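Q: What follows is a single structure, and I will ask about it in a moment.
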Amino acid sequence: MVPSRWVVDELVALYLTYIESTHRILHVPSFLKELDEFWTQKDNPDLVMPRFVVQLLLVLACAWNLTDIDSLQAKNEAPLACYTAIEWVLHAEKWIENAHIKRPEITTLRLYILLIIAHNTHGMKRSKAWLATGTLAKQAMMAGYHRDPSMYTRISVFNKEMRRRIWTTIVELDLQVSLERGMPPAIQESDYDTTPALNINDNEIHEASIELPAGRPPHEMTDSSFQSVLAQSLPLRLRACELMHSPRISCRYDEILRMDWELNRYLSNIPSWSTSNVEDSQAQHKIVLIKAMLETKIGQSLLSIHTPFAIEAQRESLFAPSARTRLEVATMILTTQRQLYERSQQLSLCNLGDWTMQAYCSVCQLLHAECNGQCESSL
């Protein structure tokens, strides 16, 4: 089931650059250590942990679309097909179902997160995505992840920080799917008090750590920069999603403009990490992707709050700011997507999502409305 080491190394490298950098799921040094142990124990199945194999298959499946199958085939003895990754996902899903996990711990939550990302990557179970992320959020709450780990004395410093990362990742996943499906998020700011994880590199903390390292400033790029910066706007984006997708909640237009101001403030405060002094191309891609994804995530919330009002702007001039903002944000998202495509298809693919189509539709609708307005005025 597991491909050759050359194939695994290539897919793991792609996963760490393009997926883990924007979804804090694994502690990379620990994962790579387990991977080395897996290769030394591979010929002795009794020593191999099934959960790690499942985790590895999901990691490989998440990165599958970022590489060329022909180049992978040249590095693998057994034949590989375009559906190989889907088989990995199905095997992993079956194992998780048969494990009958009652109270998930951190390794299990990682498997659930990777499974959701793998499903999304390969277009599997899209109609059940909102149910899956909502269920995952409730499972994490049952395990206490919604409470700040500082209140638990028996949890190690290392695991406290990992719990913070995992909780934020789960809430972000649920918010993303809620925006895509037009549904309210399963979690709101009042449902948790877990503080954001530190802006640190993975090699600064390990299982034997007795105290947390000092968090680095936002302008300093680390392994956790994406989550650290995005978490600042998470409560506001959750509130915006609930406001726009809950049928019994209403607000004044002044509230929309206030949220617009706050979201734009977060957008303008995204650090301008430079790639000029970075020689490694993968490290450059990581920085470019993080900046693009931060802009896109915040931009998606802006589209969400302005679209209903922008559609009514021609009939009600009060909503003209929404029409203008909607066009500006949609243009920003599409321009970023084009720039990523010109630089690397991998970058473009990682930033491609339902929000891209939403941006296209926003521009088309505004052009159509403008055209109709001109036609009516000429008659």
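The values are calculated or read from the model by the stated rules, or taken from the named source; none is laboratory data. All figures in this text were calculated on a predicted structure; none of them were measured in a lab. Every residue, glycine among them, receives a Cβ derived from its backbone with ideal geometry; neighbour counts consider all protein chains shown.
Q: Does residue 110 satisfy the criteria of being in contact with a helix residue (DSSP H, G or I) (Cβ under 8 Å, 6 or more places away or on another chain), buried (at least 18 other Cβ atoms within 10 Å of the Cβ) and in a helix (DSSP H, G or I)?
A: For residue 110, the condition - in contact with a helix residue (DSSP H, G or I) (Cβ under 8 Å, 6 or more places away or on another chain), buried (at least 18 other Cβ atoms within 10 Å of the Cβ) and in a helix (DSSP H, G or I) - is met.
Q: I'd like the full set of residues that are modelled with pLDDT under 95, in contact with a helix residue (DSSP H, G or I) (Cβ under 8 Å, 6 or more places away or on another chain) and in a helix (DSSP H, G or I), limited to the range 35-51.
A: Across the range 35-51, the qualifying residues are 38, 39, 41, 47, 50, 51.
Q: Go through the range 321-357 and give me each residue that's closer than 22 Å to residue 261 by Cβ and surrounded by fewer than 21 Cβ atoms within 10 Å (Cβ to Cβ).
A: Within the range 321-357, 321, 324, 327, 328, 331, 332 meet the criteria.
Q: Identify all residues within the range 175-197 that are part of a loop (DSSP other than H, G, I, E, B), out of contact with any helix residue (DSSP H, G or I) (no Cβ under 6 Å at 6 or more places or on another chain) and surrounded by 18 or more Cβ atoms within 10 Å (Cβ to Cβ); write none if there are none. Write out each step before concluding.
A: First, pick out the residues of the range 175-197 that are part of a loop (DSSP other than H, G, I, E, B): 182-188, 192-197.
Of the ones still in play, those that are also out of contact with any helix residue (DSSP H, G or I) (no Cβ under 6 Å at 6 or more places or on another chain) are 192-193, 195.
Within the range 175-197, 192 is the sole residue that qualifies.
Q: Being touching a residue at least 12 places away in the same chain (Cβ under 8 Å) and over 17 Å from residue 202 (Cβ atoms) is the filter; apply it to the range 151-175 and report the residue that is farthest from the chain's Cα centre (by Cα).
A: Checked the range 151-175; the qualifying residue farthest from the chain's Cα centre (by Cα) is 167.
Q: Grab the helices (runs of 4 or more DSSP H) fully contained in the range 240-352, keeping just those with 1 or more residues being at negative phi and of a type in the set (Lys, Arg). Explain how you work it out, then say what you get.
A: Values: elements: 253-268, 281-311, 320-343, 345-350.
Output list reads 253-268, 281-311, 320-343.
Q: Conditions: (1) more than 19 Å from residue 350 (Cα to Cα); (2) surrounded by 10 or more Cβ atoms within 10 Å (Cβ to Cβ); (3) of a type outside the set (Gly, Ala, Ser). Residue 65 meets all but one. Number of the miss?
A: Only one criterion in (1) more than 19 Å from residue 350 (Cα to Cα); (2) surrounded by 10 or more Cβ atoms within 10 Å (Cβ to Cβ); (3) of a type outside the set (Gly, Ala, Ser) is unmet by residue 65, namely (1).
Q: Out of (1) closer than 19 Å to residue 18 by Cβ; (2) surrounded by fewer than 18 Cβ atoms within 10 Å (Cβ to Cβ); (3) hydroxyl-bearing (Ser, Thr, Tyr); (4) touching a residue at least 24 places away in the same chain (Cβ under 8 Å), the odd one out for residue 296 is which?
A: Single failed check for residue 296: (2).
Q: Could you please give the count of residues in the range 74-93 that are assigned to a helix (DSSP H, G or I) and at pLDDT below 80? Don't jump to the end; show me each part of the working.
A: First, pick out the residues of the range 74-93 that are assigned to a helix (DSSP H, G or I): 84-93.
Checking the rest, the ones that are also at pLDDT below 80 come to none.
The total comes to 0.
Q: Let me ask something else about it. Yes or no: the range 52-74 includes at least one residue that is closer than 28 Å to residue 149 by Cα, touching a Ser or Thr at 6+ places or on another chain (Cβ under 9 Å) and not charged (D, E, K, R).
A: Applying the first criterion (closer than 28 Å to residue 149 by Cα) to the range 52-74 yields 52, 54-56, 58-59.
Add one more test, that the residue is touching a Ser or Thr at 6+ places or on another chain (Cβ under 9 Å), and what stays is 52, 55.
From what is left, the residues that are not charged (D, E, K, R) are 52, 55.
Scanning the range 52-74, I find at least one residue that is closer than 28 Å to residue 149 by Cα, touching a Ser or Thr at 6+ places or on another chain (Cβ under 9 Å) and not charged (D, E, K, R), so the answer is yes.
Q: In addition: What number of residues within the range 325-348 are in contact (Cβ under 8 Å) with a residue 60 or more places away in the chain and either touching a Gly at 6+ places or on another chain (Cβ under 7 Å) or under 27 Å from residue 62 (Cβ atoms) (or both)? First the steps, then the outcome.
A: Step one: filter the range 325-348 for residues in contact (Cβ under 8 Å) with a residue 60 or more places away in the chain, giving 325, 346-347.
From what's left, either touching a Gly at 6+ places or on another chain (Cβ under 7 Å) or under 27 Å from residue 62 (Cβ atoms) (or both): 346-347.
Number satisfying all stated conditions: 2.
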